[in-house]
Amino acid sequence: MTPTKIDGASTSNAQVRARWRIDADVDPESVPLAELNPGNGDWFEQDKELRLFQRLRREAPVHYTADSQFGAYWSLSNFADVKFVDTHQDLFSSDIMNGGIRLGGQPLNEPPPDLFHLPMFIMQDQPVHDEQRKVVAPMFTAPRLAGMGDLIRQRAGAILDALPRGESFNWVREVSVELTGQMLATLFDVPQEDRHKLIHWSDTVERIGDPDYFETPAEGFAEIWQCFEYFNIFWQERQAASTPGEDLISFLAQGEATKNMAPNEFLGNVLLLIVGGNDTTRNSITAGVQALNQFPEQYEKLKGNTGLIPNMVSEIVRWQSPVAHMCRTAMEDVEIGGKTIRKWDKVAIWYLSGNRDSAHFQDADRLMIDRPNVRQHLSFGYGIHRCLGNRLAEMQLTILWEEIMRRFSHVEVVGDAKYLNSSFIRGITDLPVRVHDL
Ligand code: HEM
């Protein structure tokens with residue numbers, strides 16, 4: 001396989017960031033409603049997004065942003081509306097040719113001849129979506145996951161045992177990134193020492209527009225194509241293998257619906273699986289520590305009953321909502337909440353906000369590790385695109401918390417968290433902690 005050529009995308013990231021900059025002292029309550037742009041990553045970096053969505057749920061649960069760095073888009077912030085859109089794929093498309101799942105995606109007449117066009121099955125409608133999803137789904141069946149439990153436990157234990165004692169460190173780097181990185185290398189069956197490359201490419205996807213990392217999106221995409229070079233070698237080997245392997249690349253290389261993918265589509269699907277498995281689980285691991293420190297009575301409840309861990313894991317995933325939103329494109333005029341969303345309009349469905357909707361979750365801003373209806377949370381989506389890795393993520397989080405509780409009386413947050421500048425992945429980049437042995 002050889003990729004097509006890079007073309008365009010030379011807009012300066014710094015100029016775009018500066019043009020839409022939100023100053024640190026701006027309160028989301030004080031911005032005129034018509035000018036609110038919830039998709040601006042600055043809200044998230046400044047830790048103000050929850051207040052912004054509180055306001056939208058109260059004043060404009062179906063909200064229209066006319067002008068932004070992503071163009072015009074709707075924001076849905078109630079639980080019921082988000083779930084409605086996510087489960088009506090006939091009305092709301094995810095297809096990359098219709099604009100895809102990211103803010104700023106545009107409908108296309110034909111695939112552009114450049115490297116920025118990366119189709120993946122999360123950005124396909126039926127039937128292509130279903131055919132490609134089926135190829136990798138065997139990786140996530142209950143028996144296969146059960147077979148991974150011991151390995152995850154042993155790794156979690158080793159990571160926790162190696163943590164520094166008596167000093168503070170960044171939980172994100174030492175624990176969250178390590179455990180998820182090791183898992184990724186296993187799913188793709190690549191050498192463990194290469195896990196940092198996978199983490200790097202996953203991070204790069206969210207940094208393509210970040211002036212701190214790349215001057216232009218083109219530079220970011222060039223970096224991402226190194227991921228193609230890396231996986232192409234495994235792809236060739238595994239396509240030629242007489243005994244099919246049992247890893248994600250082998251499934252893609254041998255699967256009827258995926259074995260003839262063009263390079264852009266191969267890279268797109270690999271990135272989907274890397275980002276899907278990385279940022280999301282990583283931020284849930286970090287958020288758990290943060291949330292239990294913020295709600296000490298819940299930490300005490302957990303110490304009294306570690307049998308609550310599976311339910312707590314769901315509550316942490318609700319509370320964090322690591323994928324803050326997905327986008328869809330309306331395929332016909334649809335009325336929601338008294339507003340008419342027109343055909344071809346772009347719609348952001350805010351999982352983060354639906355998960356904090358008190359009409360569905362009682363006292364939704366509180367962490368309640370024994371919350372009864374928590375499994376209805378929106379964080380894994382609903383409908384045909386519902387997260388394929390949700391059980392793997394829950395298993396990793398459950399085992400990690402069991403091992404944490406065996407070792408530590410307290411994982412104490414000792415400094416301020418830092419947050420990612422992204423409204424797509426709701427991420428924590430730094431969480432200074434100190435661990436206290438039992
Ligand atoms: C706490 C962890 C995770 C969260 C919060 C999460 C969240 C999501 C969300 C919101 C979607 C889109 C749902 C929709 O559009 O309706 C999704 C899809 C997906 N996720 Fe996850 N995810 C997590 C872990 C994982 C893991 C560990 C993997 C695998 C390695 C994974 C792989 C995928 C894939 C392949 C899709 C696309 C499914 C499709 O389009 O059919 N995710 N995830």
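Structure values in brief
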{"quantity": "Packing-based ranking, highest mean first, of 148-155, 248-255, 33-40 given that Cβ atoms within 10 Å are counted", "calculated": "248-255, 33-40, 148-155"}
{"quantity": "Dipole magnitude of segment 286-359, debye to nearest 20 (Cβ charges: Lys/Arg +1, Asp/Glu -1, about Cα centre)", "calculated": "140"}
{"quantity": "Total charge dipole magnitude, the chain, about the Cα centre, Cβ charges on Lys, Arg, Asp, Glu only, Debye to nearest 20", "calculated": "840"}
{"quantity": "Percentage relative contact order, segment 214-280, counting C-alpha pairs under 8 Å, at least six apart", "calculated": "24"}
{"quantity": "Reciprocal of mean inverse Cα separation for the chain (Kirkwood radius, Å)", "calculated": "22.5"}
{"quantity": "By average C-beta atoms within 10 angstrom, highest first, the peptides 224-230, 234-240, 344-350, 14-20", "calculated": "344-350, 224-230, 234-240, 14-20"}
{"quantity": "Most mobile listed residue (VAL85, VAL135, VAL26) in the chain, GNM with C-alpha springs under 10 Å", "calculated": "VAL26"}
{"quantity": "By average C-beta atoms within 10 angstrom, highest first, the peptides 94-102, 322-330", "calculated": "322-330, 94-102"}
{"quantity": "Apportionment of accessible area to carbon and sulfur, segment 43-160, percent (1.4 Å)", "calculated": "54"}
{"quantity": "Residue-averaged 222 nm ellipticity for the chain, from DSSP H runs of 4+ at -39500 (n - 2.57), nearest 500", "calculated": "-13500 deg cm²/dmol"}
{"quantity": "For VAL411, net neighbour charge (Lys/Arg +1, Asp/Glu -1) across residues whose Cβ lies under 13 Å away", "calculated": "+1"}
{"quantity": "Segment 229-352, accessible surface, carbon-and-sulfur percent (1.4 angstrom probe)", "calculated": "50"}
{"quantity": "Accessible surface, per residue, of segment 239-280 when the full set of protein chains is kept, probe 1.4 Å, Å²", "calculated": "35"}
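The values are calculated or read from the model by the stated rules, or taken from the named source; none is laboratory data. What you see is a predicted model; the values in this text were computed from it and never measured. Glycine gets a Cβ as well: all are built from the backbone with ideal geometry, and neighbour counts include every protein chain shown. In case anyone asks, the SASA skips ligands and DNA or RNA and just uses the protein heavy atoms, side chains included. Shrake-Rupley method; radii C 1.70, N 1.55, O 1.52, S 1.80 Å.
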